[in-house]
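What follows is a set of notes on a single structure, which appears directly below.
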Amino acid sequence: MNNRGFDKGIKRDFSRSPLLTFWEVTRACDLVCVHCRAEAQPDRDPGELTTQEGIELIDSILGFGDPLPILVLTGGDPLKREDRKSVV
């Protein structure tokens, strides 16, 4: 059994905890894909979460407890964040 809720024996209470959590870590991206809804731009947006705010967001997700939601880091291009190692 794992803590992700994929095993058939685990019942999730979706009124308490989501299965998936998405964090769009940046809008910065060097590509301009027509299918992308992220409205990419070359540089990070000044309104993006700081490193500390990102860590606090992840800590708050841990507060859901077991089974933990799956955290998906998305963007733009998450590799455009200089602090990506600290956040991950």
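None of the figures in this text is laboratory data; all of them are computed from the coordinates on show. As the structure is a prediction and not an experimental result, all values here were calculated from the model. Virtual Cβ from ideal backbone geometry, glycine too; neighbours counted across all protein chains shown.
Data overview
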item	result
Under 19 Å from the H35 label point (7 Å along Cα→beta-carbon), backbone N, the stretch 59-76	73-76
Cα-based helix-to-principal-axis angle, 51-62 vs the chain, degrees rounded to 10	20
Rg(Cα)/(2.2 N^0.38 Å) for the chain, N = residue count	1.27
Formal net charge of residues neighbouring L57 (Cβ-Cβ distance under 15 Å; K, R +1; D, E -1)	-4
